[in-house]
Amino acid sequence: SVAIKALYGGIDSYQGLTGAAGQRAWWENYRNTQSEMQQLADAYNQQAAAAAPGATEKEFAGGFKGYEVAEKYVKVSVTVLLVRAGPGTQYPLAGVERLYLGNDFKAIGWVRGQSVDGEDRWWVSQFGNYVWVGGTTEKP
């Protein structure tokens, strides 16, 4: 796809290699990157489950007053999207800290917070972290 070529530099020439050698090196890097992204997603799920053992999603998110309910899976549409402890860039990173292009996560709702590039809505993840709506495919 065009996005993959833009991310990795193209399949015809990769890391100074051309032809079949370049293509093999490109695909190997692509497979490794996909594996790393899956490992990050798995780590995110494990960390979130450990954060509130035995709590239901609703109980865990219950302390975040004022969010609009919108339960859905949301896909990341930018190269790297930071996960925050609150709805703005002034909040520290939280959870797995970063989500990557193509990752998805479960949102339980959204809030209004800091406006970034004209978008002030932030997803509330099932684990109570915040993810900027402008970096996702789905919108509230």
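A few remarks follow.
- For the pair Ala70 and Glu28, label points projected 7 Å from Cα toward Cβ lie 4.3 nm apart.
- Summarising the label geometry, the points placed 7 Å from Cα in the beta-carbon direction at Lys139 and Val116 lie 1.7 nm from one another.
- Segment Ala85..Glu97, full-extension length gain: 3.4 nm, with 0.36 nm per residue of separation and the alpha-carbon distance subtracted.
Each value in this text was obtained by applying a stated rule to the coordinates, not by laboratory testing. Note that the structure is predicted; figures quoted are calculated from it, not measured. FYI the Cβ positions are ideal-geometry reconstructions off the backbone, even for glycines, and counts take in every protein chain you see.
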